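Asker: I'd like to ask you about the structure that follows.
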Amino acid sequence: MIASMLTHHLTEAELFSFADEFAKTLPKAGLIALWGDLGAGKTTFVRRVIQSFSGNFELIVSSPTFNLIQIYELPNGELWHCDLYRMTCPDECLELGLLEAMSDVLCFVEWPERMGAYLPKNRTDIRINITGDQSREIIILKDA
Ligand code: ATP
Ligand code: MG
């Protein structure tokens with residue numbers, strides 16, 4: 001893995017601008033793993049990326065906390081948004097069809113650590129750290 005981007009002390013508005021730029025670089029398929037504490041801003045970031053990618057800033061992107069997966073059928077492709085916080089066993093990845101999905105479509109996954117040994121090496125990692133009440137640091141690590 002190589003560190004491709006590191007951005008310090010972003011306000012929410014700056015995080016949105018960063019998400020807009022990131023949305024332009026999305027691959028067709030694969031795992032984008034979002035790491036960070038509760039309330040770090042994973043959903044906030046993914047919401048803006050999905051809205052920006054779809055060109056629809058009114059699109060409702062809610063946190064899939066209870067159903068674990070939300071699938072978006074966008075004009076420019078299918079996209080999965082997962083929040084695995086409540087997943088109790090990595091084997092549930094199989095039931096959810098997540099591993100198959102990520103070979104065909106783009107999957108944003110919050111709490112990827114819940115995937116355990118199923119976490120693929122081939123992925124993009126995004127870490128969001130809380131650096132202040134209203135400020136965040138984002139680190140993006142892409143496969144070399
Ligand atoms: P969870 O692990 O519970 O899913 P999360 O990482 O998805 O948490 P969010 O649900 O996105 O976190 O919540 C982040 C909160 O932090 C939001 O209320 C957002 O408005 C707020 N916030 C404040 N400043 C920022 C910032 N600079 N960037 C992103 N979010 C920020
Ligand atoms: Mg979230």
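The values are calculated or read from the model by the stated rules, or taken from the named source; none is laboratory data. These figures come from a predicted structure and were not determined experimentally. Using ideal geometry, Cβ is built from the backbone for each residue, glycine included, and neighbour counts are taken over all protein chains shown. Just so you know, the surface numbers come from the protein's heavy atoms only, side chains and all, with ligands and any DNA or RNA stripped out. Shrake-Rupley method; radii C 1.70, N 1.55, O 1.52, S 1.80 Å.
Asker: List the relative contact order of segment 2-143 as a percent without decimals, with contacts defined as Cα pairs under 8 Å and 6+ residues apart.
Answerer: In percent, rounded to a whole number, it is 39.
Asker: Which is farthest toward the positive dipole end of segment 54-144 among 84, 105, 132, measuring Cα position about the Cα centre, with Cβ charges +1 (Lys, Arg) and -1 (Asp, Glu)?
Answerer: Result: 132.
Asker: Express as a percent, rounded to the nearest 5, the fraction of DSSP beta bridges in segment 2-143 (both residues included) that run antiparallel.
Answerer: Within segment 2-143, antiparallel bridges account for around 55 percent of the total.
Asker: Suppose each label sits 7 Å from its Cα in the direction of the beta carbon; what would the residue 13-residue 67 distance come out to in nanometres?
Answerer: 3.4
Asker: Ranked highest first by the average count of other Cβ atoms within 10 Å around their residues, in what order do 28-34, 134-140 fall?
Answerer: 28-34, 134-140
Asker: So how strong a dipole does the chain carry about its Cα centre when Lys and Arg Cβ are +1 and Asp and Glu Cβ are -1, to the nearest 20 debye?
Answerer: My answer is approximately 260 debye.
Asker: Got a number for carbon plus sulfur as a percent of segment 2-143's accessible area, 1.4 Å probe?
Answerer: Carbon and sulfur atoms account for 53 percent of the accessible area of segment 2-143.
Asker: Which is farthest toward the positive dipole end of segment 2-143 among 119, 6, 69, measuring Cα position about the Cα centre, with Cβ charges +1 (Lys, Arg) and -1 (Asp, Glu)?
Answerer: 6
Asker: Follow-up question, since we're still on this one. Can you compute the radius of gyration and Dmax for the chain, using only the Cα atoms, both in Å?
Answerer: According to the Cα coordinates of the chain, Rg and Dmax are 14.2, 38 Å.
Asker: Compute the separation of the alpha-carbon centres of segment 109-140 and segment 49-84 and state it in Å as a whole number.
Answerer: 17
Asker: If you don't mind, another one. Given a 1.4 Å probe, how much area per residue of segment 2-143 is accessible, in Å²?
Answerer: Averaged over the residues of segment 2-143, the accessible area is 51 Å².
Asker: Another one. Evaluate E = 1/(1 + (r/R0)^6) for residue 38 and residue 99, where r is the Cβ-Cβ distance and R0 equals 30 Å; express this FRET efficiency to the nearest 0.05.
Answerer: It comes out at approximately 0.75.
Asker: Here's another thing I want to ask about it. Taking θ as phi - 60°, what are the ³J(HN,Hα) couplings along segment 89-95 by the Karplus curve (6.51, -1.76, 1.60), each to the nearest whole Hz, with x for Gly and Pro?
Answerer: For segment 89-95, the Karplus-derived couplings read 9, x, 4, 4, 4, 5, 4 Hz, x marking Gly and Pro.
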